[in-house]
Amino acid sequence: MTDTLTVLGLESSCDDTAAAVVRDQTGEMPEILASTVYGQTDLHAAFGGVVPEIAARAHAEKIDFCVRQAMDQANVSFDQIDAIAVTAGPGLIGGVLSGVMCAKGLSAATGKPLVGVNHLAGHALTPRLTDQTAFPYLMLLVSGGHCQFLIAHGPEQFTRLGGTIDDAPGEAFDKTARLLGLPQPGGPSVEQAAKSGDPKRWRLPRPLLDRAGCDMSFSGLKTAILRARDEVVAAKGGLTEKDRCDLAASFQAAVTDVLAEKTRRALALYLAEDPATPTIAVAGGVAANQTIRARLEQVCADHDTDFTAPPLALCTDNAAMIAYAGIERFRLGHTDDMTLAARPRWPLDKTAPALLGSGKKGAKA
């Protein structure tokens, strides 16, 4: 294997169709040669959330165009590609399948090795792509469908310290946006409304803070927002703009408090391992929230621990993180064949017990 690897990455696990080309040279910073993303916000806007069947069809229609655009942008041919990496799970199965089948076709046609990547590993390894963060580091993966604390020991070695037992924060943001009549995606909408709101008007619950450990719950918080909204509507006959902003700010404050406290607990467990360069990394769509990010930075400062977070464009789903995770796997000598399957569930820590609410088919994350 050469010191320099150039990998094409494909991502289609939810509602963003993405392709990217990443080059990695040993001892140098990885370089994103191209990164293209086709969003589906307009397709799902009328439904208040992502419709899996619509998402899958859009992926199938767009992914080959996305690949061509990334290759053209990077100015590379398949002769210059060393491997093809693709998200093989977890995610919406129709979307994941679209990406996997495209990657298999490209691999069969070009003879390039195929590397299946865990979508969560893509997020968890993003600090390596952007900052060459050294193992072990503490990762808070906080996105639309996932929320967990992981100690990243290596490209394929993760220890889960805790996670959400029901709704992930991103899901709670989306549902709160729907309850308040704000547009999707909910995260940016709630954050924007919260800027003009009073976070202390409603004292919403901080779930599981009275329970030891790093597990989290956000379903009850969503219910509390529903009740607070209904009380205002019953009293006034509707929501004013101030009510809407205050509810958004109160919700965001509750999520931020939970994540900050649970991060302190996870940090204590991580620091007990005496890492040489203590670092907390945060990735996933919710990492784009500036209020949450600022509180997490403060937690790190309080414990003399480095904080790193990817650029906003790499917080949300993208294929650059998949290409880089594929590079990490490929350097370990790991590849896949045409039996690579799309997986709706795929935990990073295979030794940890399934979180509550993970479903009959097993742990989602």
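The values are calculated or read from the model by the stated rules, or taken from the named source; none is laboratory data. Quantities reported herein were computed from a predicted structural model and do not represent experimental measurements. FYI the Cβ positions are ideal-geometry reconstructions off the backbone, even for glycines, and counts take in every protein chain you see. SASA here: full protein model, heavy atoms, side chains in, ligands and nucleic acids out. Shrake-Rupley method; radii C 1.70, N 1.55, O 1.52, S 1.80 Å.
Looking for something surrounded by fewer than 20 Cβ atoms within 10 Å (Cβ to Cβ), in a loop (DSSP other than H, G, I, E, B) and of a type in the set (A, V, I, L, M) - is there at least one such residue anywhere in segment 270-280?
Yes, the conditions are met somewhere in segment 270-280.
Just to verify a result, which residue in segment 5-45, among those that are in contact with a Ser or Thr (Cβ under 8 Å, 6 or more places away or on another chain), among the charged types (D, E, K, R) and modelled with pLDDT of 95 or more, is surrounded by the most Cβ atoms within 10 Å (Cβ to Cβ)?
GLU11
Taking segment 218-230 as the region of interest, how many residues are buried (at least 19 other Cβ atoms within 10 Å of the Cβ) and either β-branched (Val, Ile, Thr) or modelled with pLDDT under 95 (or both)?
Count: 4.
Under the condition of being in a strand (DSSP E or B) and out of contact with any Lys or Arg (no Cβ under 9 Å at 6 or more places or on another chain), which residue from segment 282-306 is farthest from PRO207 (Cα to Cα)?
Top of the filtered list is ASP306.
For the subset of segment 78-95 comprising residues that are in a helix (DSSP H, G or I) and out of contact with any Cys (no Cβ under 9 Å at 6 or more places or on another chain), which member is surrounded by the fewest Cβ atoms within 10 Å (Cβ to Cβ)?
Result: ASP79.
Among residues belonging to segment 306-332 that are without any contact (Cβ under 8 Å) to a residue 60 or more places away in the chain and over 14 Å from LEU125 (Cα atoms), point out the one that is surrounded by the fewest Cβ atoms within 10 Å (Cβ to Cβ).
LEU312
If you scan segment 231-264, which residues turn out to be within 24 Å of the chain's Cα centre (by Cα), of a type outside the set (A, V, I, L, M, F, W, C) and open to solvent by 10 Å² or more (accessible area, probe 1.4 Å)?
Once the filter is applied, which keeps residues that are within 24 Å of the chain's Cα centre (by Cα), of a type outside the set (A, V, I, L, M, F, W, C) and open to solvent by 10 Å² or more (accessible area, probe 1.4 Å), segment 231-264 yields GLN252, ASP257, GLU261, ARG264.
How about segment 257-286: which of its residues are closer than 11 Å to TYR137 by Cα and β-branched (Val, Ile, Thr)?
Of everything in segment 257-286, those that are closer than 11 Å to TYR137 by Cα and β-branched (Val, Ile, Thr) turn out to be THR277, THR279, ILE280, VAL282.
Can you tell which of THR256, THR277 is in contact with a Phe, Trp or Tyr (Cβ under 9 Å, 6 or more places away or on another chain) and not charged (D, E, K, R)?
Answer to the selection: THR277.
Inside segment 103-160, counting only strands (runs of 3 or more DSSP E) that do not spill past its ends, which hold 1 or more residues that are over 20 Å from ASN318 (Cα atoms), modelled with pLDDT of 95 or more and open to solvent by 10 Å² or more (accessible area, probe 1.4 Å)?
Hits in segment 103-160: 147-154.
Go through the residues of segment 233-255 one by one and say whether even a single one is over 27 Å from LEU179 (Cα atoms) and either among the polar types (S, T, N, Q) or in contact with an Asp or Glu (Cβ under 7 Å, 6 or more places away or on another chain) (or both).
No, because not a single residue in segment 233-255 is over 27 Å from LEU179 (Cα atoms) and either among the polar types (S, T, N, Q) or in contact with an Asp or Glu (Cβ under 7 Å, 6 or more places away or on another chain) (or both).
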